[in-house]
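Since the structure comes first, as structure tokens, the remarks are kept for the end.
The values are calculated or read from the model by the stated rules, or taken from the named source; none is laboratory data. These numbers come from a predicted model, not from an experiment. We place every Cβ from the backbone using ideal geometry, glycine too, and count neighbours over all the protein chains shown. Note: accessible area is taken over every heavy atom of the protein model, side chains too, but ligands, DNA and RNA are not part of it. Shrake-Rupley method; radii C 1.70, N 1.55, O 1.52, S 1.80 Å.
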Amino acid sequence: MNIVVLAKLVPDLVEELEIDDSGIALDMTWLRLIINELDDHAIEEAILLKERTGANVTVLAPDIEGVDDILFTAAAKGADRLIKIVGDYESGVNNLGLARVLTPVIKDLQPDLILAGVEAHEDLDGSIGPLLAGYLDLPFIGYVASIELEEGKATATKEYPGGLSAEMEVALPVVLGIQVADEPPRYVAVSKVRQAMKTAEIEELEAGDFDLSGGPTIDRMYQPEVGESATIIDGSLDDIADSLIGIFKELGVQ
Amino acid sequence: MPIRETFWNIPHWAEIAQYLVGLLTILIFSYGVIRRVRRWLQGRPQRRIDRIGSRLWSVVVQAVGQARTLQDIYPGIMHLTIFWGMIALLIGTILATVDWDVAHLLFNVQFLTSWVYVSYELILDIFGVFLLIGLGMAIYRRYIIRPDRLANMPGIGFKRDDAYVLIMLGLIGITGYLVEGLRIAVAQPDWAPWSPVGNAIGNAFIAFGDPSNRFLHYALWIIHILIAFVALASIPYTKFWHLIAGPVNIFFRSLEPAGKMSAPTSEEEPGVKEWRDFSWKQLLDFESCTRCGRCQDVCPAHASGFSLSPRDIMIKLDTFIWQPTNGRNMLGDTISADELWACTSCQACVDICPVFNDQLSSIIDMRRYLVLEGDIDPQLQDALANLGRYGNSFGKSERMRAKWTKPIQPKIKDARRDEVEYLWFVGDYASYHTSMTDKTLMMAKVFQSAGLDFGILYDGERNSGNDVRRVGEEGLFDMLAEKNLVTFSKSTFKTIVTSDPHSFNTLKNEYSENGNDHYSVLHYSQLFDQMITSGQLNVARKLGYKVTYHDPCYLGRYNGEYDAPRRVMSALGCELVEMPRNKENTFCCGAGGGRIWMEDPPEVAERPAEMRVKEAASLSGVSILVVACPKDLVMFQDAVKTADLEGKLVVKDLIELIVEATEMNLSETEEQN
């Protein structure tokens with residue numbers, strides 16, 4: 001059983017985001033990158049599956065600054081193979097471009113299961129899972145919260161809004177978008193990561209030129225604009241009701 | 001002339017038989033000792049043979065002199081009388097043996113004669129009385145008073161073992177007196193009054209029975225001898241073992257500063273999973289434990305209802321090693337993760353142990369394994385992840401670390417660029433916590449107006465790692481320390497000052513082993529003490545407050561600084577009323593050892609901080625609890641609310657008192673902005 005997990009780095013929202021001079025992109029100077037949280041869950045789910053079934057786990061990530069850290073951390077958790085896709089990410093790569101580059105790589109790896117975080121906060125052209133599934137001609141289930149593996153098939157529990165869940169049986173191979181792992185991502189001691197840095201090897205694959213066609217074009221990127229602030233109505237229940245009625249009338253509510 | 005007639009009334013064959021039984025005793029004893037030592041040697045190596053002189057002196061003061069044992073009066077005197085009673089009788093027996101079977105047998109001389117002999121008899125009689133008094137106190141305490149700390153032992157067989165020791169010692173003492181009394185009753189030597197107890201017993205025999213009953217004497221002598229030999233032979237197999245393990249453990253105790261935690265004994269496999277992963281010295285700890293329970297009595301986690309008792313950790317580990325495990329694991333089945341995570345690393349157990357056990361080091365080593373396994377509290381996991389990523393537990397950007405300095409004019413120097421005398425290591429809580437930053441501003445203002453040449457590291461500072469290390473995340477501690485040390489090496493300063501005792505401890509004691517000790521480290525209370533003494537800080541107004549003060553574990557117990565904060569309070573005109581638990585006996589607020597990052601389990605009845613604020617509030621006329629630690633302020637302010645003491649007790653940082661007494665105008669800085 002081969003599992004391939006996609007992981008990528010996204011801007012860490014701990015830092016204040018700033019728009020660069022072009023007005024259509026984030027200013028990268030002050031940005032700090034962090035693993036996409038849901039990709040972290042996807043890695044955890046893959047490791048849990050490995051622990052249950054003995055599957056082989058490969059983690060695949062674009063070569064952006066900090067990628068070695070997340071790959072070595074994955075190795076410290078138990079990932080067997082680490083691959084980073086080297087390429088020119090400076091000018092911005094969308095998910096379509098990334099999916100096109102990843103398709104042949106993933107085909108070569110002959111996975112039974114492909115896991116990715118179901119979304120990332122900087123996905124502008126849709127999340128990567130369905131795009132990949134399209135190029136690979138494989139089924140896709142998103143918002144998956146739990147996976148059971150059997151010979152040739154998987155049972156995925158998909159979460160719906162409103163607290164609904166559905167169990168779906170799907171033939172392998174399949175692309176799954178992970179919403180949450182069965183258990184929260186584990187803590188990896190720093191010494192284990194340091195050990196992984198000494199023992200694990202990161203393979204490098206060339207991305208070549210990215211084909212970004214089909215994605216949206218950004219006209220303007222801006223901070224949320226502050227609207228009028230809310231008014232808090234104080235007083236007794238009757239007073240509050242009276243002022244509310246007053247406000248409704250003023251606004252022309254019939 | 002008074003002379004010791006050893007083996008009076010004892011046939012020669014019995015004398016020889018005694019030596020044969022003695023030989024057997026030695027064999028059984030030696031086998032037991034070898035068995036123990038071989039077990040120690042299965043532990044990991046640890047170097048403990050430096051400074052032989054200090055080690056021997058420790059044994060003299062603590063084993064022979066029983067200094068720590070005596071800190072608790074009743075059990076201290078109880079133990080001292082039993083110990084010295086027994087030791088004197090043992091020395092007496094050895095002297096008699098040498099007198100008779102060495103000096104007399106080989107050289108036909110005896111030294112237990114004339115005045116030497118009568119004083120020998122008198123002294124032994126008196127020490128025998130000490131022994132019996134001590135045993136009486138022990139029996140009264142163990143079976144009538146029944147203190148909590150002797151109850152609820154984790155396992156069976158301990159009651160029998162405890163009783164065995166008391167019974168054997170009692171029998172040795174009583175049969176010894178009876179044998180002596182019978183001998184005196186029959187022989188009636190002139191010098192009998194020099195053995196007052198034996199003489200009294202002899203007179204009783206004369207009054208009530210047949211004083212010529214040599215058979216009774218003979219039988220009692222055999223019983224006395226057999227009991228003594230059984231007791232000796234049983235030393236390595238029973239609670240008596242502490243007679244040997246205790247002093248040996250004291251000899252091999254750590255002589256490092258308390259605040260310097262041992263690094264893991266193995267780099268490949270840090271942490272302890274199986275008992276063989278402990279160091280030989282830790283294995284010796286478990287065997288030395290006498291189950292006295294003093295550590296349990298002072299443990300804040302135990303007092304709060306956490307599942308931890310340092311006493312039980314020692315007992316359970318010893319039992320696990322020596323008894324069949326029946327497939328149970330050490331970690332999980334014998335020692336639970338909950339117990340280990342309950343520890344606040346306050347050091348109270350270590351500091352009170354009469355045999356100098358280091359319960360904390362074993363707890364931390366087992367935590368180290370739990371951390372490797374990722375078996376940790378979710379909140380702690382977040383804190384560690386944040387510390388690894390941002391260098392602080394709050395999960396905020398390091399660029400926000402010095403945000404609190406915004407209103408300050410002139411700008412505080414950046415010690416990485418400008419040379420300063422004092423590097424102010426601000427610490428996480430003082431930098432980020434919303435209830436602390438106003439105190440941090442006060443400190444900056446006081447430093448500035450006193451003309452102190454100081455700077456901070458701005459976004460270059462990282463958490464010092466004191467608590468990270470005590471959580472058991474050694475790799476993260478190394479990483480944080482390395483980053484700070486690199487920043488230190490790029491900065492020019494003479495002294496580090498910090499308001500955080502945890503940072504103070506690790507910067508002072510643990511950063512030096514990483515190769516940098518070109519600076520000294522001061523707690524802010526020490527610096528203010530110096531500034532007030534030198535006149536650099538001018539106390540304009542005596543406050544006249546009646547206050548009490550909480551000694552932070554990492555300033556007091558760990559680093560012995562009790563006086564500086566007290567001198568500062570006194571200089572500010574505060575009358576200090578001590579809480580019952582003060583200085584060495586201070587009671588942890590519950591935040592240390594990473595506990596501040598963890599959720600309290602539901603069985604916790606009353607948190608340590610709540611107990612502590614109640615202790616402060618119970619002092620008459622005291623309405624201010626002064627603290628000298630940012631974590632204390634946060635913990636106690638919260639506890640004042642949950643313990644419903646608002647309006648009765650106010651928690652104040654030492655810096656607030658300084659600002660009041662120096663009549664500093666704080667709004668000034670803000671107006672300039």
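Buried accessible surface for the A/B pair, both sides summed and rounded to the nearest 100, is 1500 Å² with a 1.4 Å probe. What you get for region B:240-298, charging only the Cβ of Lys and Arg (+1) and of Asp and Glu (-1), is a dipole of about 300 debye around the Cα centre. Between the beta carbons of A:Glu151 and A:Glu51, assuming R0 = 30 Å, the FRET efficiency works out to 0.95 to the nearest 0.05. Shown for chain A are the DSSP H helices of 18 Å or more along their axis, judged by Cα atoms, with a mean Kyte-Doolittle hydropathy of at least 0.0: A:95-109, A:237-251. What region A:2-206 shows is 46 Å² of accessible area per residue, with the surface traced by a 1.4 Å probe over protein heavy atoms. Within region B:567-648, none of the chymotrypsin sites (Phe, Trp or Tyr not before Pro) combine a DSSP coil assignment with at most 15 other C-beta atoms in a 10 angstrom radius. The listed residues A:Ile178, A:Ile245, once ranked by accessible area (1.4 Å probe) with the largest placed first, stand as A:Ile245, A:Ile178. Treating r as the C-beta distance of B:Val539 and B:Lys483 and R0 as 35 Å, the FRET efficiency rounds to 0.35.
Coupling constants for region A:81-88 follow from the phi torsions by the Karplus curve (6.51 cos²θ - 1.76 cosθ + 1.60, θ = phi - 60°), and in residue order they are 9, 10, 10, 10, 9, 7, x, 8 Hz; glycine and proline get x.
Around the Cα centre of region B:50-250, unit charges on the Cβ atoms of Lys, Arg, Asp and Glu (plus for the first two, minus for the last two) sum to a dipole of about 720 debye.
3J(HN,Hα) along region B:137-151, derived from phi through the Karplus expression 6.51 cos²θ - 1.76 cosθ + 1.60 where θ = phi - 60°, amounts to 4, 5, 5, 4, 5, 6, 10, 10, 5, 6, x, 3, 5, 9, 9 Hz, with x in place of Gly and Pro. Distance from the alpha carbon centroid of region B:26-48 to that of region A:29-59 works out to 48 angstrom.
Beta bridges assigned by DSSP with both partners in chain B are antiparallel in approximately 5 percent of cases. Comparing the full protein assembly with the isolated chain (1.4 Å probe, heavy atoms, ligands and nucleic acids excluded), the residues of region A:183-208 losing at least 30 square angstrom of accessible area are A:Tyr187, A:Ala189, A:Val190, A:Ser191, A:Lys192, A:Arg194. Using a simple spin-label model with pseudo-atoms 7 Å out from Cα toward Cβ, B:Asp382 and B:Tyr143 lie 5.5 nm apart. Counting 0.36 nm for each residue step from A:Glu228 to A:Lys198 and taking away their Cα separation leaves a gain of 5.3 nm. If you sort A:Ile218, B:Ile167, B:Ile156 by accessible surface, 1.4 Å probe, largest first, the order is B:Ile156, B:Ile167, A:Ile218. For chain B, the dipole from Cβ point charges (+1 on Lys and Arg, -1 on Asp and Glu) about the Cα centre works out to 580 debye, to the nearest 20. Note on the protein assembly as shown: percent of Cα-Cα distances in each 20 Å bin, starting at 0 and stopping at the bin with the largest distance, equals 11, 32, 31, 17, 6, 2, 0. For chain B, relative contact order (Cα pairs under 8 Å, six or more residues apart, normalised by length) works out to 12 percent. Under the simplified labelling scheme, the B:Arg47-B:Ala207 pair shows an inter-label distance of 6.7 nm, with each label point 7 Å from Cα along Cα→Cβ.
Accessible surface for region B:256-373, divided over its residues, is 32 Å² per residue with a 1.4 Å probe. Per-residue mean of foreign Cβ neighbours for B:371-377 is 4 (Cβ atoms of other chains, 10 Å radius).
Note on B:Val116/B:Val64: beta-carbon distance plugged into 1/(1 + (r/R0)^6) with R0 of 22 Å gives a FRET efficiency of 0.40. What separates the Cα centres of region B:165-184 and region B:386-420 is a distance of 73 Å. Among A:Leu71, A:Leu149, the order of accessible area from largest down is A:Leu149, A:Leu71, computed with a 1.4 Å probe on protein heavy atoms.
Scanning residues 5 or more positions from B:Lys652 or on other chains, those with amide H under 5 Å from its amide H are B:Leu625, B:Val626, B:Val627, with H placed 1.01 Å from N in the peptide plane. Beta bridges from DSSP with both residues in chain A: antiparallel share about 40 percent, rounded to the nearest 5.
Shown in residue order for region B:89-94 are the 3J(HN,Hα) couplings computed by the Karplus curve 6.51 cos²θ - 1.76 cosθ + 1.60 at θ = phi - 60°: 5, 5, 4, x, 5, 4 Hz (x for Gly and Pro). Taking every residue in B:468-474 and counting other chain Cβ atoms within 10 Å of its Cβ, the average works out to 1. Packing around the peptides B:323-332, B:61-70, taken as the average count of other Cβ atoms within 10 Å per residue, puts them in this order, highest first: B:61-70, B:323-332.
The share of accessible area on the protein assembly as shown that comes from carbon and sulfur is 56 percent, using a 1.4 angstrom probe.
How many nm is it between the label spots at A:Ala171 and B:Glu575, if each spot is 7 Å from the Cα in line with the beta carbon? For A:Ala171 paired with B:Glu575, the spin-label model returns 9.0 nm. Treating each Cα of region A:1-118 as one equal point scatterer and applying the Debye formula with no solvent, the log10 of I(q)/I(0) at q = 0.24 Å⁻¹ comes out as -1.45.
Think of a 1.4 Å ball rolled over the protein heavy atoms: region B:473-567 then has 35 Å² of accessible area per residue. For the protein assembly as shown, DSSP calls about 30 percent of its internal beta bridges antiparallel. Taking all Cα pairs closer than 8 Å and separated by 6 or more residues, the relative contact order of region B:256-373 comes to 36 percent. Relative contact order of region B:381-667: 18 percent, from C-alpha pairs under 8 Å at least 6 residues apart in sequence.
Placing a label point 7 Å from the Cα of A:Phe248 along the Cα-to-Cβ line, the residues of region A:218-242 whose backbone N sits under 20 Å from it are A:231-242.
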